[in-house]
Amino acid sequence: MKRQKGSPVRCAGIDLGSRTIEVVILEDGRLVASRLAETGFTPAKQAAKLLADEACDRFMATGYGRHLFLETYPGADQTVTEIKAVAAGCWKLMPGVDLILDIGGQDAKVIALNPEGKVRKFVPQARNGGGGDVRLS
């Protein structure tokens with residue numbers, strides 16, 4: 001869907017995770033819509049359904065299925081790793097945060113940020129919380 005000339009800039013952020021797909025729509029930097037669906041067997045098609053009625057100027061995909069989205073969705077702009085996406089989102093909401101725990105559908109990640117909000121180090125935990133020792137020294 002094309003947007004009308006002169007209307008606010010609309011951007012879609014799509015997280016194609018192993019269990020769910022989340023979509024947020026920003027208009028001039030403000031959240032105006034969000035959607036959630038099960039990933040299913042065709043994540044790129046499922047994400048396209050969530051975006052079907054949205055006129056957006058830019059699309060950014062992250063998550064395990066981000067490359068599928070970029071390959072199959074016309075107009076997709078780029079992808080970013082979920083590590084960088086989580087770091088940027090947390091920094092935007094909580095400037096100064098230095099440690100993040102991201103618990104996903106199949107794994108968990110501990111992400112350490114530097115004083116500028118960039119990823120300093122991250123440690124994945126594939127056991128999803130069970131019995132692992134994580135060190136960020």
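Readers should treat all values here as calculations from the given coordinates under stated rules, not as data from a laboratory. In this text, all values refer to a predicted model and were calculated from it rather than measured experimentally. Using ideal geometry, Cβ is built from the backbone for each residue, glycine included, and neighbour counts are taken over all protein chains shown.
List of remarks:
- Tally, over region 36-58, of residues that are on the phi < 0 side of the Ramachandran plot and either among the small types (G, A, S) or surrounded by fewer than 16 Cβ atoms within 10 Å (Cβ to Cβ) (or both): 15
- Annotation: R66 fulfils all but one of (1) in contact with an Asp or Glu (Cβ under 9 Å, 6 or more places away or on another chain); (2) more than 19 Å from S18 (Cα to Cα); (3) not aliphatic (A, V, I, L, M); the unmet one is (2).
- Of all residues in region 91-116, those that are of a type in the set (D, E) have Cβ atoms under 7 Å from Cβ atoms of residues that are part of a loop (DSSP other than H, G, I, E, B) and surrounded by 11 or more Cβ atoms within 10 Å (Cβ to Cβ), 6 or more apart or on another chain, in D107/N128.
- Matching option when the condition is crowded, with 17+ Cβ neighbours inside 10 Å, more than 11 Å from the chain's Cα centre (by Cα) and of a type outside the set (V, I, T), among A33, A76, A61: A76
- Some residue of region 79-100 being under 23 Å from K121 (Cα atoms), part of a strand (DSSP E or B) and not hydroxyl-bearing (S, T, Y): yes
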